[in-house]
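The next block holds one structure in the form of structure tokens; read it before the comments.
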Amino acid sequence: MQTNFFRQLTKLNLIGDLQLILRQADENSFVLSVLLNNEQCGDKVKNLILPLNLSGTAEELDNGFFENVSVPLQSASGLMVNMESFMKQLEEAQKQSAMEKEKSDKEKKEKEAKEKKYKDAFEKAEELEKDGNYKGAWSALPKVSEYPDYAETIRKKQDEYERHFAPSLFNTESVENIEQKQEQENEEEQEQEQNFQP
């Protein structure tokens, strides 16, 4: 006797294990319990899917089996495949989120470390300036190439320190003489202003 039962099952394209349990209910009828289980699906919700129970005579089960189980089994199969796909995507999203957070934290720590290094170098330069060591202060300043955001501030300090230890090539007078001269000119101007007042 030739049957096409398994060929019909193959056409359903079910993913998972199909479990069939047949019990005799009485002399002429049977109860057939059909359950599709997909072990690949990691979502525990799949355990809420109940078996499909059919009852009837052997002839009724033969004639109506596929028309009664095709749609529910294909729906259950698709649902479990979708649940598994969803779980994998959720897991991947969690990994990506963790990686992004780790990357963000790392960038934040690097930025904080760089800021601290900048502030420390600037403080050291200011301490050397207080001691009158302008060359040392100039050397201690952070490098413009490493801190382009602070380029203007660094260059101003460099210029300020250079005036103390490296006089202009175009001016042969010392920095102290220039400063004294400027003070003298300011005093003279103030005296003249006082003399003109009635």
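We did not get these values from a lab; they are worked out from the coordinates using the rules stated. None of these values were measured; they are calculated from a predicted model. Cβ coordinates were reconstructed from backbone atoms using ideal geometry, including for glycine residues, and neighbour counts include every protein chain displayed.
Projected over every direction and averaged, the convex hull enclosing the alpha-carbon atoms of the stretch 1-112 yields 9.4 nm². The magnitude of the dipole of the stretch 1-116, with charges of +1 and -1 set on the Cβ of Lys/Arg and Asp/Glu and taken from the Cα centre, is near 840 debye.
Q94 to E127: FRET efficiency via 1/(1 + (r/R0)^6), r the Cβ-Cβ distance, R0 41 Å, to the nearest 0.05? Given R0 = 41 Å and the Cβ-Cβ separation, E is 0.25. Label sites at E160 and D26, each approximated as a point 7 angstrom past Cα along Cα to Cβ, lie 10.5 nm apart.
Beyond a 31 Å Cα-Cα separation, which of these cross-linked pairs lie in this structure: K88/K114; K11/K44; K95/K119; K106/K135? Too far apart for the 31 Å limit: K88/K114; K95/K119; K106/K135.
Approximating the spin labels as points 7 Å out from Cα along Cα→Cβ, the A151-to-D62 distance works out to 9.0 nm.
When the P(r) is computed for the stretch 6-51, the part past 12 Å accounts for 70% of the Cα-Cα pairs.
In a DSSP loop and with at most 14 other Cβ atoms within 10 Å, the GluC sites (Glu not before Pro) in the stretch 10-83 are E27, E39.
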